[in-house]
Amino acid sequence: MNPTPPFSRRDVLRGAALAGAAGMVHPLGHAFAPLRPGLKTERVVLIVMAGGVRSRETFGSPNQIPGLVRMAREGTLYTRLRTANLGHFGASMSIVTGISEARGIRDNSRGPDPTLFEYVRKDLGLSASDVWVTTAGGAQQVNYAYGLHPDYGSKFGATTLDGDGIFNEEFKSTVKRFGVPRPLDEAQAKQVADLRRILGSGSGRTSKAALKEAEARARVEKYILSELGKGVTELRGAGSGDAKALRLARNLLSVFKPKLIGVVLQDADVAHGSFNGYSEVVRRNDAAIGELLDAIRGDETLRDSTAVIALPEFGRDADLNARRGLDHGDGSDDLRFVHGVLWGPDFRKGRVIKDDQRTIDVTPTIASLFGAKAKHSKGSILKGAFA
Ligand SMILES: [Zn+2]
């Protein structure tokens, strides 16, 4: 997107320090102490393979999923996670709230319960740049960032990035000509405004120092936008929404080193009409997860302190439908149980846990890793997760 930035990383860091003095959120990683005494994990990436993926196409076909297989070999694999709800929206919502949400597939509103993102932000006093949700797009998916609970809500919500929204072609050219913004549509303008707000709003002062701060902020902002967009707009074809969400997560890790990123995928649901298209999405997402692990391994700051957790929202029917696709409604074990995998410095290596546990246990498990409490969750910490 911006192969020869007009400033070095050092400039950006200096700018960030300047802006930091003005009360701005530090946009780049800083050294954190472990989240809970005795644990090494400092940040977590939660990948919700929404859209519905059967275990038959993941750990039942290990050749299709070398990335997840590697995660399992180096981490802990749960082979029977019971899913909470069999509608798309409610099922993924249940994973991030730790409550079996009785919400139907057409619901498109914020839930009444706090999310993992709110628990962690509130309990640890984290800023908006520490907690993110990247999505494959779709109006419903922004609702995973926070709920309507009076003790939590938007002020503790995750910052949402949508691969098809903020990094579409039009926004890309706006970023290229930063400083001469083109008119954005309402949704884009709001996303840009939100990002700016996160980066710290102007103080309204007009002194020389304030101007300098504004310059530093603009430089940091430009740097961040170009880094976050790297390799995202180029992704096309089947499953590109998911690929963008995963790439955004990777870019976020390298730019912000945030504490918590939720990645909500959805393209696997092409399965209703095409088994082959669905298999392709599973393979493509697995490859992107493999690249994410490689990026973590290749980054000194992330390597020994980052956990990745991946699970589908639910499986799919046992048998093909009349279109040679796979729906989700037969109540079979193929639908109601999924495999999930935990990878990171504090999880047991190469352990396979075959007992029934639940997808709603993921939120209390991650919260506990952070030393936060998922107060309203009905799940419990996954048994056998910690080394
Ligand atoms: Zn569906």
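The values are calculated or read from the model by the stated rules, or taken from the named source; none is laboratory data. Here the structure is a predicted model, which means the values were calculated and not measured. Note that we place each Cβ from the backbone using ideal geometry, even for glycine, and neighbour counts take in every protein chain shown.
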Checklist outcome for this item: Across (1) under 30 Å from Asp123 (Cα atoms); (2) away from the ligand (no atom under 16 Å from the Cβ); (3) modelled with pLDDT of 95 or more, Leu253 clears everything bar (3)
Next on the checklist: Taking the conditions exactly as written (polar (S, T, N, Q) and within 16 Å of the ligand (Cβ to nearest atom)), does Ser305 satisfy them or not?
Outcome noted: no
Item to check | Cross-chain or 6+ apart pairs with Cβ under 6 Å, the stretch 356-378 first and aromatic (Phe, Trp, Tyr), then part of a loop (DSSP other than H, G, I, E, B) and at pLDDT below 95 | outcome: Phe370/Leu35
Item to check | Enumeration of residues in the stretch 369-384 that are more than 17 Å from Thr359 (Cβ to Cβ) and either basic (Lys, Arg) or in contact with a Cys (Cβ under 6 Å, 6 or more places away or on another chain) (or both) | outcome: Lys373, Lys375
Next on the checklist: Among the residues of the stretch 56-75, what is the count of those that are surrounded by 14 or more Cβ atoms within 10 Å (Cβ to Cβ), among the small types (Gly, Ala, Ser) and more than 22 Å from Ala385 (Cβ to Cβ)?
Outcome noted: 1
Checklist entry - If we scan the stretch 312-331, do we find a residue that is modelled with pLDDT of 95 or more, buried (at least 17 other Cβ atoms within 10 Å of the Cβ) and away from the ligand (no atom under 16 Å from the Cβ)? => result no
Next on the checklist: Taking the conditions exactly as written (within 16 Å of the ligand (Cβ to nearest atom) and either charged (D, E, K, R) or in contact with a Cys (Cβ under 6 Å, 6 or more places away or on another chain) (or both)), does Arg297 satisfy them or not?
Outcome noted: no
Next on the checklist: Would you confirm whether or not the stretch 265-277 contains a residue that is outside any helix (DSSP H, G or I), under 16 Å from the mean Cα position of the chain (by Cα) and within 16 Å of the ligand (Cβ to nearest atom)?
Outcome noted: yes
Checklist entry - In the stretch 73-96, what residues are assigned to a strand (DSSP E or B) and farther than 12 Å from Leu342 by Cβ? => result Thr79, Arg80, Arg82
Checklist outcome for this item: Flagged in the stretch 32-81 as closer than 28 Å to Val120 by Cα and within 16 Å of the ligand (Cβ to nearest atom), in numbering order, are Val48, Met49, Ala50, Gly51, Gly52, Val53
